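I have placed the structure first, in the form of structure tokens, so that the comments after it can refer back to it.
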Amino acid sequence: MIKQKICVIGNGLTGLTTALVLGKLNLNVHLIAAPDKKKRKDIRTTAISESNYKSLIDFVGKKYSKIFFQSKEIDLYKEHSSEIKHFMNLSNKDKNLMFLFQNEILKKIIQKKINTYKNLKIYYKKVRKIDVEKNKVLFANKNFSYDAIFVCTGSKSEIIQNIFGDRFIERKADEIAFTSIVNHNSNILNAKQFFLKEGPMAILPLNKNKFSLVWSVSSRFKNKNSAPIIIKKLKEILKFKSNFTISKVDCFPISFKFRSNFNKKNILLLGEGSYNVHPVAGQGFNLILRDIFYLNSKINEYITNGIQIRDSLFIDEYLKQRKPENLLFGLGINFVNNFFKFNKITEPIKKIILKDINKFNVLKDISLRVSNKGIF
Ligand SMILES: Cc1cc2nc3c(=O)[nH]c(=O)nc-3n(C[C@H](O)[C@H](O)[C@H](O)COP(=O)(O)OP(=O)(O)OC[C@H]3O[C@@H](n4cnc5c(N)ncnc54)[C@H](O)[C@@H]3O)c2cc1C
């Protein structure tokens, strides 16, 4: 029987993971990677939940578990008028809470792994057009037809605009995120989140002497020399006793964007091109992973029952299951971000609310459950 054929366009974390996961099914997979070799290096670190880690490592291979740094706890702090107060500790008994990896390292490993799949081919070609009616991808001198096409080309892609238009639920945050790697001698083993006056800063350990930071601040900071500002703030909040160094600082725009259309016929948008959420809760790729694992199980169901995926309802089922959860998550994260935003008038009320919040175990259990496995 001729294998069904699918195409994954885009070689960011979403495209590579989708190709890796769907490549395990009895399908022919084409992965279309961006041809430009001079692309900007992604210095970000990503934190994923335990349940996502367990599913992902089955595909990536257990021998690569060492690239994930495992954090057992996260401590939350809030900056009030003149002090920084610890207000919550989240831990899951003896289990690990977060699995942290450097994006470029995981991408390289996935790429190496998918190069070993006989049913998966990577093409470094520029897509000229996607023919929605015929389910075809057109290149300069070649065309391919597919049973399904997954577009994973990120938030700034022209392909997406051309096919899916410009309708969004959007909230411009007027914020940017600074990221950098910090080397130190302070033995930091657990993640920390500081809700600072300027905006939330996440400390994501990569080993005991190295962490990645993500600091979301107002876009007023964009043209400022960010390194001295970050160094000053780190000294203040972590009270480093010895020297530390920070790598080149990278900067990402932040917005909450949720597309009205995720699909056209058998073409489905995945990843940051379909929605992006504020990085404050470190949930963006976690949601995307749940999307990919759901797709995998649905498509597998159809293939094992001998149903052609081009005639199946897998996209409808995906949209029904995943879209509401992703929207709810995005809105929830916006709420959290707004709550912690510095506001002179509401600061005293927040201080009262946060004072004893660490005692509310039910609230902690709910946050742990939702961030590990999602809402539904
Ligand atoms: C500062 C920051 C910190 C974050 N931290 C976390 C975290 O801790 N936990 C978490 O879960 N999430 C986190 N996220 C979210 C996470 O980083 C993103 O969800 C994830 O990187 C999205 O990847 P993507 O592949 O969808 O998009 P992108 O990374 O934008 O990748 C798109 C890819 O498509 C390629 N491409 C574009 N056009 C074409 C084309 N025509 N043909 C072929 N290829 C093409 C591009 O070259 C690129 O490689 C964070 C986000 C930010 C901004």
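The values are calculated or read from the model by the stated rules, or taken from the named source; none is laboratory data. Note that the coordinates shown come from a computational prediction; the quantities given were computed from them, not determined experimentally. Quick reminder, even Gly has a Cβ in these numbers, built from the backbone with ideal geometry, and neighbours come from all protein chains shown. Ligands, DNA and RNA are excluded from the accessible area calculation, which covers all protein heavy atoms including side chains. Shrake-Rupley method; radii C 1.70, N 1.55, O 1.52, S 1.80 Å.
Charges were assigned to the Cβ only: +1 to each Lys and Arg, -1 to each Asp and Glu. The resulting dipole of the chain about its Cα centre is roughly 1000 debye.
Cross-link reach is defined here as a Cα-Cα straight distance under 14 Å, omitting same-chain residues fewer than 8 places apart; for LYS248 the aspartates and glutamates meeting it are ASP42.
Order the peptides 136-142, 95-101 from the highest to the lowest mean number of other Cβ atoms within 10 Å of their residues.
Sorting 136-142, 95-101 by mean packing, highest first, produces 95-101, 136-142.
Kindly provide the helix-only [θ] at 222 nm of the chain, computed as the sum of -39,500 (n - 2.57) over DSSP H runs of four or more divided by all residues, to the nearest 500 deg cm²/dmol? Spell out each step's value before the answer.
Values: 9 runs with 123 residues, N = 376.
The per-residue figure over the chain is -10500 deg cm²/dmol.
Surface exposure of region 238-340, expressed per residue as accessible area with a 1.4 Å probe, stands at 43 Å². Taking region 95-142 as the region of interest, what is the percent of Cα-Cα pairs per 10 angstrom bin, listed from the shortest bin to the one with the maximum distance? The distribution over region 95-142 is 19, 28, 32, 15, 6, 0, given as percents.
Rolling a 1.4 Å probe across all protein chains gives ASP174 an accessible area of roughly 110 Å².
With the cut-off at 21 Å, report for region 137-255 the share of all Cα pairs above it, as a whole percent.
53
Determine the gain in length on full extension of the stretch LYS112-SER91; use 0.36 nm per residue of separation and subtract their C-alpha separation, reporting nm with one decimal. Let's see the in-between values first.
Values: separation 21, 0.36 × 21 = 7.56 nm, distance 3.40 nm.
Separation in residues times 0.36 nm, less the Cα-Cα distance, equals 4.2 nm.
Note the full-extension length gain between ARG40 and LEU328 as 0.36 nm times their separation in residues minus their Cα-Cα distance, in nm to one decimal.
Details: separation 288, 0.36 × 288 = 103.68 nm, distance 3.15 nm.
My answer for the length gained is 100.5 nm.
Share of carbon and sulfur in the accessible area of the chain stands at 53%, probe radius 1.4 Å. Of the peptides 271-282, 362-373, 326-337, the order by per-residue mean of other Cβ atoms within 10 Å, starting with the highest, comes out as 271-282, 326-337, 362-373. Over region 275-369, the fraction of Cα-Cα pairs per 5 Å bin, rounded to whole percents and listed from the shortest bin up, is 2, 11, 15, 15, 15, 12, 9, 7, 5, 4, 3, 2, 0.
Using the structure shown, list the pairs from LYS62/LYS142; LYS112/LYS222; LYS95/LYS210 with a Cα-Cα distance above 30 Å, or answer none. Display every interim value, and only then the final one.
Numbers: LYS62/LYS142 38 Å; LYS112/LYS222 36 Å; LYS95/LYS210 22 Å.
Pairs exceeding 30 Å: LYS62/LYS142; LYS112/LYS222.
Go ahead and set up a Gaussian network model of the chain, Cα springs under 10 Å, then flag whichever of THR179, THR17, THR304 fluctuates most. Result for the chain, Cα springs under 10 Å: THR304 fluctuates most.
When the alpha-carbon atoms of the chain are used, the pair Rg, Dmax equals 21.5, 70 angstrom. Non-local lysine pairs in region 268-376, meaning eight or more places apart or on different chains, with alpha-carbon distances under 24 Å, amount to 18. Rounded to 0.05, the FRET efficiency of the LYS232 and ASP316 pair, given R0 = 35 Å and the Cβ-Cβ distance, is 0.10.
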